[in-house]
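Just so it is clear, none of the values below were taken in a lab; they were calculated from the coordinates. None of the values given here were measured: they were computed from a predicted structure. Glycine also receives a Cβ, built like all others from the backbone with ideal geometry; neighbour counts cover every protein chain displayed.
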Amino acid sequence: HRALSTKVDVPTLGEIDIPTGLHIDGKWESGSGDKFSTVNPATGEKLVDVAHASREDVDRAVKAARRAFKTTWGLNVDATERGRLINRFADLLERDARKIAAVESLNSGKGIRIARDADVADAVACLRYYAGMADKIHGQTTDAFGGSKLALTLHQPIGVCGQIIPWNYPLGMWAWKVAPALAAGCTIVMKPSELTPLTALMMNALAVEAELPAGVLNTVPGLGATTGDAIARHMDIDKVAFTGSVPTGKRISVAAAESNLKKVTLELGGKSPMLVFASADTDDAAQWTANGIWYNSGQDCCASSRIYVQANVFDRYVNQLRKRALTVAIGAPSDEKTSFGPLISAAQRDKVLGYIDSAKQEGARLVSGGRAWPRSKGFYVEPTILANSAHKDLRAAREEIFGPVVIVTPFRDEEHALELANDSEYGLAAAVFTGDTRQAIRVARSLDAGSVWVNQYGAVHNNVPFGGFKQSGVGRELGSYGLEGYLQIKAVHLNL
Ligand code: NAD
């Protein structure tokens, strides 16, 4: 089954073949014939055309996933064997790390070094973490009824899972979805973002090489409103796992409810606050802010986008952050030194610039950046700091910008800081910087967020759960909770 592929000139590698078809039931196909283009965000030029999965294609992928679930996967494969195959998959990703990182960098605009040393390395680690969990799924026994009666619980795979992922960490989000689903024994219909479909397709080629049975992992690239909606509404998908924006998450939730009430997990957006108290090391806090907001050019669901700083250290902190804004390594994604690349699309760049304009009009002070980066035709926006000393109710301070824009606001005391931080419809992440340990615990307990960092920012580990309070999501990924999201519990009552 040779991949339907296209030759692409990839920086540092030269011309390589990249799969550009659909992958259904172990085979590459061109589908209904429709295609869509993906673009290089660092130049604005078209990269390659990819097959677009129609509703019928999604339906065939679901049928293949159901067949595999009932025959070669699900309850019919030893859990240790599932773990072995997932580890084999991780070995192949490690072998091809340079190639896959180069394509990830080309398609998403992130720096090549980061794509290799963070995105690919983290995906390998996530696969290995869940490979190890596959044969450590246990139920309980209840011996409480006397006589020959017993009850036990079986933790069984949910079944066929639709997975819909965004463009900011194409490979990372792929791993967070696929690794626990495979470990649990589920089969998958995966839809990568239409903006960044290439590495998910390369991973499906590796699945074939790893000898994952046909139909266990199917990849159906396409647009959200057609391919994504077909997944969300399909009557024979048991669960949909989604990462993306709040409005799309709501649409998927409604579609899931209106069809077969499939289970839903949602990892949605954020507007994550960081509180910096006067007792903190403000220079250290500024360094964490810089990492938190400018990593991945701000296209991060956990971006540290709202900073609240105690009024008596506000100016000092803003100066310390400004110094960092001026030294961010902006450049071409193919350059090893680049840490800050373009945004994903022209639309995203224009949206971010629009937020900066509206903030200025509403009375924010521009401290640094604020423009499209003049040295490239790509979709770059400079690292940007806005100060909101007058406590204006800025649209840019409420809504998720998903770009390199941070808004810094002063606060009076702990109560004021918590009031500002929790005044949001989001609740994905938050951080507190303080020299007072008791305050750290008190504030961590009071912040409305699924992840809280104390005197650090952005730590995410495979063995620690991740997910949102409020409108930032439903359910958790990573850790044992991430695996549980792909299991359902059956109670078996015995009378022997
Ligand atoms: P998006 O919601 O526009 O798209 C995400 C995915 O959903 C894409 O694959 C898209 O094709 C698909 N989609 C769009 N409309 C659909 C529909 N009607 N039915 C089914 N699928 C549909 O999000 P995006 O712009 O790709 O990603 C950015 C968002 O993702 C941000 O809000 C960000 O905060 C969030 N995000 C969250 C996390 C997290 O773990 N919480 C991680 C990364 C990104």
Worksheet entry | Cα-based equivalent ellipsoid of the chain: semi-axis lengths in Å, sorted from largest, via gyration tensor | 39, 29, 19
Response to the item:
Quick calc, segment 279-414, dipole around Cα centre from Cβ unit charges on Lys, Arg (+) and Asp, Glu (-), nearest 20 debye, gives 480
Worksheet item: Nearest 0.05, what FRET efficiency do residue 361 and residue 95 give at R0 = 45 Å with Cβ-Cβ as r?
Response: 0.30
Worksheet item: Rounded to the nearest 0.05, what FRET efficiency do residue 141 and residue 46 have when you use their Cβ-Cβ distance and R0 = 60 Å?
Response: 0.55
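What does the charge count near residue 389 come to, summing +1 for each Lys or Arg and -1 for each Asp or Glu among other residues with Cβ under 10 Å from its Cβ?
Once all neighbours under 10 Å are counted, the net charge is +1.
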Discussion item. Tell me the relative contact order for segment 68-123 as a rounded percent, counting alpha carbon contacts under 8 Å between residues six or more apart.
Written reply: 26
Discussion item. Considering only C-alpha atoms, what is the centroid distance from segment 402-454 to segment 354-395, in Å?
Written reply: 22
Item to complete: Measure out, as a whole number of angstrom, how far apart the alpha-carbon centroids of segment 1-55 and segment 244-262 sit.
Response: 28
Worksheet item: Using the Cβ atoms and a cut-off under 14 Å, what net charge is assigned to the surroundings of residue 217, where Lys and Arg are +1 and Asp and Glu are -1?
Response: +4
Worksheet item: If r is the Cβ-Cβ distance from residue 337 to residue 148 and R0 is 51 Å, what FRET efficiency results, to the nearest 0.05?
Response: 0.15
Worksheet item: Once the other residues with Cβ under 13 Å from the Cβ of residue 79 are scored (Lys, Arg +1; Asp, Glu -1), what is the net sum?
Response: 0
Response to the item:
Here, residue 419 and residue 350, labelled 7 Å along Cα→Cβ, have an inter-label distance in nm of 4.0
Worksheet entry | Cα-based reach from residue 250 at 25 Å (exclusive), listing lysines while leaving out same-chain residues under 8 positions away | 177, 191, 239, 262, 263, 271, 351, 470
Item to complete: Could you tell me which of 54, 41, 76 has its Cα farthest along the dipole of segment 39-110 towards the positive end, charges placed at Cβ (Lys, Arg +1; Asp, Glu -1), taken about the Cα centre?
Response: 76
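Among the trypsin sites (Lys or Arg not before Pro) in segment 324-370, which ones are in a DSSP loop with at most 13 other Cβ atoms within 10 Å of the Cβ? Mind listing them?
Those satisfying the criteria are 337.
Using the count of nearby Cβ atoms within 10 Å as a rough guide to exposure, how do 391, 52 rank from fewest to most?
391, 52
Quote the charge dipole size of the chain about the Cα centre in Debye, to the nearest 20; the model charges only the Cβ of Lys and Arg (+1) and of Asp and Glu (-1). Show your work: numbers first, answer last.
On the way: 55 positive and 54 negative charges, 52 e Å.
The calculated dipole for the chain is roughly 260 debye.
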Item to complete: State the answer as a single residue: which of 148, 381, 453 lies farthest towards the positive end of the charge dipole of the chain, with beta carbon charges of +1 for Lys and Arg and -1 for Asp and Glu, about the Cα centre.
Response: 148
Worksheet item: Counting only pairs 8 or more places apart or on different chains, how many lysine pairs in segment 6-66 have C-alpha atoms closer than 21 Å?
Response: 6
Discussion item. What distance in nm separates the two pseudo spin-label positions at residue 125 and residue 495, each 7 Å out from Cα along the beta-carbon direction?
Written reply: 5.2
Fill in: Inter-label distance for residue 461 and residue 480, nm, one decimal - labels placed 7 Å from Cα along Cα-to-Cβ
1.5
Discussion item. Run the numbers for residue 84 and residue 391: contour at 0.36 nm per residue of separation, minus the present Cα-Cα distance, in nm.
Written reply: 105.0 nm
